[in-house]
Amino acid sequence: MYNFIIAILLGLSYSQYTYSLEDLNPTSDYFGSDVGTEFFENQVTLHYFGHFNWGLCSSRFGQVNDLVEDLNSQGYSQVKLVGVGKDIHLQSIGNWFNGNDQSVCADSNVNPVWSNWNANQRDLFLLDHQGNLIFQQSISGGLPGDLEETIIDLINEIGEASAGDVNQDGSINVLDVVAIVSIILNESTYNALNDINFDGSVNVIDVVALVNIILNN
């Protein structure tokens, strides 16, 4: 379904959907960093807009947070969530920290990020790894039923585009062989980026496939 939406939105530029705001969530891995679309380069990103002082806004952010963290636990680490509230509600920002480890930011002054994105309360934006808008949707009534499937499909597209670049340094060489062997020996959680032959598992067959890619380049 998302391919149909992409076709409709073809031509939307990356710069149209960009911002950089400080991550204020003390339990986030990126606490204190200026996060946003460009910060999470080559990642699938979710951007949730809401009010820190509204119970439903906090509840919906928690649901999206739980979805992202569940995907991360399954090995789909290339999906990130940023919650964007407004600084006029900063006294209530703790509502979004409670049990959530994803990034939380506050738009400032006249809320330029909200305005630039044409965002409304409880709007969820999904962008692919190239910054293309996949959808913008109010989740006041709940999360889209196919959201998890759509995110996984988008992450798999990243793997297909960069299969073999295990350490994500922009080149495919012996360092990637060392990296994937280490992943296998340590029995790391499955990550589609390391599944060179796309068979749903990472093992010695992927090492052989990776060596073939290097030898044939």
Taking every Cα atom in the range 83-162, find the radius of gyration and the maximum pairwise distance Dmax, and write them in Å. 14.7, 44
Against the longest principal axis of the chain, how steep is helix 147-161, in degrees 0 to 90 to the nearest 10, with axes from Cα atoms? 40 degrees
Could you check how much of the accessible area of the chain is carbon and sulfur, as a whole percent, using a 1.4 Å probe? 51 percent
Could you give the angle, 0 to 90 degrees to the nearest 10, between helix 174-185's Cα long axis and the longest principal axis of the Cα atoms of the chain? 80 degrees
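Calculate, in whole percent, how much of the Cα-Cα pair population of the range 28-125 lies beyond 22 Å. Present the calculation step by step, with values, prior to reporting the outcome.
Working: 1035 of 4753 pairs.
Taking all Cα-Cα pairs of the range 28-125, the fraction more than 22 Å apart is 22 percent.
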Determine, from the Cβ-Cβ distance of Glu187 and Ser115 and an R0 of 41 Å, the FRET efficiency 1/(1 + (r/R0)^6), rounded to the nearest 0.05. 0.30
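Based solely on its DSSP helices, what 222 nm [θ] is calculated for the chain when runs of n ≥ 4 H residues each add -39,500 (n - 2.57) and the sum is averaged over all residues, nearest 500 deg cm²/dmol? Don't skip to the end; give the middle numbers.
On the way: 7 runs with 76 residues, N = 217.
The per-residue figure over the chain is -10500 deg cm²/dmol.
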The range 72-122: D in µm²/s via Stokes-Einstein (Kirkwood Rh, Cα pairs, 25 °C, 0.890 mPa s)? 197 µm²/s
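Would you mind working out the accessible area per residue for the range 61-209, using a 1.4 Å probe, and quoting it in Å²?
Numbers: 6470 Å² over 149 residues.
Averaged over the residues of the range 61-209, the accessible area is 43 Å².
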By how many nm would the segment from Asn216 to Glu149 grow when fully extended, if each residue of separation counts as 0.36 nm and the alpha-carbon distance is taken off? 20.8 nm
Report ³J(HN,Hα) in whole Hz for each residue of the range 59-65, in order, from the Karplus equation J = 6.51 cos²θ - 1.76 cosθ + 1.60 where θ = phi - 60°; Gly and Pro get x. 4, 5, 4, x, 5, 5, 4
Students often get this wrong: which residues of the range 88-103 have the backbone nitrogen under 18 Å from the point 7 angstrom along Cα-to-C-beta of Asp70? 99-102
Take the Cα radius of gyration of the chain and divide it by 2.2 N^0.38 Å, with N its residue count; two decimals is plenty. 1.09
Beta bridges by DSSP in the chain, antiparallel share as percent, to the nearest 5: 50 percent
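Hey, what did the chain get for relative contact order, percent, Cα under 8 Å, at least 6 apart? Intermediate results must be reported in sequence, preceding the final value.
Working: 367 pairs, mean separation 45.5, N = 217.
RCO, the chain: 21 percent.
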Peptide ranges 113-126, 132-145 listed from the most packed, as the mean C-beta count within 10 angstrom indicates: 113-126, 132-145
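The values are calculated or read from the model by the stated rules, or taken from the named source; none is laboratory data. All values derive from a computational prediction rather than experimental measurement. Cβ coordinates were reconstructed from backbone atoms using ideal geometry, including for glycine residues, and neighbour counts include every protein chain displayed. The area values use the complete protein model at the heavy-atom level, side chains included, leaving out ligands, DNA and RNA. Shrake-Rupley method; radii C 1.70, N 1.55, O 1.52, S 1.80 Å.
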